[in-house]
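First comes the structure, then the notes that go with it.
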Amino acid sequence: MKNKVIFGNWKMNGTNADIKAFLKTVDKKAKNDKVIAGLAVPFTALETAIKKAKNIKIAAENVHWAENGAYTGEVSIPMLQELGVEYVVIGHSERREMFGETDEAVNKKALALLKAGMVPILCCGETLETYENKKTNKFVSDQIKKGFKDISAEDAKKVIVAYEPIWAIGTGKTATPEIAQDVCATIRETLGKVYNKTIAKEIAIQYGGSVKPANIKDLMKQKDIDGALVGGASLIAEDYLELINYNK
């Protein structure tokens, strides 16, 4: 049984002082042989986070696919590598909804990260309208097919998929474990068709969307949920520790 992968996502929150204080509280208590614990922090806090974290993996929240160029305000893969970043969140629904990121852009980022030896955390998820119209599975399946376009079978195993229904992000609404499992199973089935069932089983699939200490255990019991991408709860040290140590 593969380790669970539980990452916090701080979004546009936290200064260097905040991340330093947070890691001082949680890092020593984050040792867990069955959980890969991580934290995605703003670009400005990455260097501090990487220096201070010993047991927690640090991720960037976005990246551009080009190595350099006239992309004002963007950050490149070499810039992240210089800091020691290994994981990068791409295609988060907030990036898609607010900043117009497309499946094609997310795919370019995934390919570039894998070429550089880094781990993409590739996000997918549907709107409330799509969910209510019972089109979730097809929508998410299409996102996965486009996101994994031209990714080799060997590289596909390195990608972490994060399923986050948009209607559950920051709303306090959480997909029931059964709903989350159903969509994650669809993702696994889609990956099995793109590659094969053996490779699909090796790809970690996270659930995200109002994950809290109160619901983490039930979510982690599901067959096709291999971890979580956590928003607001990851900003609170005590909650973060409960989440990454849910099995203790």
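The values are calculated or read from the model by the stated rules, or taken from the named source; none is laboratory data. A quick note: this is a predicted structure, and the numbers were derived from the prediction, not measured. All Cβ positions, glycine included, derive from the backbone under ideal geometry; neighbour counts span all protein chains shown. Accessible surface areas use protein heavy atoms only, side chains included; no ligands, DNA or RNA. Shrake-Rupley method; radii C 1.70, N 1.55, O 1.52, S 1.80 Å.
General remarks:
- In summary, no helical segment of the chain meets the span-like criteria, namely a full DSSP H run, a Cα extent along the axis of 24 angstrom or more and a mean Kyte-Doolittle hydropathy of at least 1.0.
- Charge dipole of segment 142-248 about the Cα centre (unit charges at C-beta), most positive-ward option of A228, A200, Q181: A200
- Multiplying the residue separation of A21 and K51 by 0.36 nm and subtracting their alpha-carbon distance yields 9.5 nm.
- Cα-centre dipole for segment 69-189 with unit charges at Cβ (Lys and Arg positive, Asp and Glu negative), debye to 20: 220
- Available extension along the chain between K201 and E86 is 39.2 nm, counting 0.36 nm per residue and deducting the alpha carbon span.
- The dipole here belongs to the chain: it is taken about the Cα centre, uses +1 on the Cβ of Lys and Arg and -1 on the Cβ of Asp and Glu, and is about 800 debye.
- Working note: 222 nm ellipticity from helices only, DSSP H runs with n ≥ 4, each -39,500 (n - 2.57), summed and divided by the residues of the chain, gives -11500 deg cm²/dmol to the nearest 500.
- Of the trypsin sites (Lys or Arg not before Pro) in segment 135-244, the ones in a loop by DSSP (not H, G, I, E or B) with at most 10 other beta carbons within 10 Å are K221, K223.
- Calculated on the Cα set of segment 173-248, radius of gyration then Dmax: 13.2, 40 Å.
- Spin-label model distance (nm) - F99 vs K145, 7 Å beyond Cα toward Cβ: 2.8
- Remark: segment 148-248 carries a charge dipole of roughly 200 debye about the Cα centre, counting +1 on each Lys and Arg Cβ and -1 on each Asp and Glu Cβ.
- In this label model, T44 and N133 are separated by 3.9 nm, measuring between points 7 Å along each Cα→Cβ vector.
- Put simply, the C-alpha atoms of segment 1-50 give a gyration tensor, and the ellipsoid matching it has half-axes of 22, 13, 7 Å, longest first.
- Low-density loop cleavage sites - trypsin sites (Lys or Arg not before Pro) in segment 1-99, where at most 14 other Cβ are within 10 Å (DSSP): K2, K31, K34, K54
- For V230, residues with placed amide H under 5 Å, excluding near neighbours: F7, G8, N9
- Accessible area per residue for the chain is 48 Å², calculated with a 1.4 Å probe on protein heavy atoms, without ligands, DNA or RNA.
- Computed with a 1.4 Å probe over protein heavy atoms only, the accessible area of M220 comes to about 10 Å².
- Surface share of carbon and sulfur [accessible, 1.4 angstrom probe, percent] for the chain: 52
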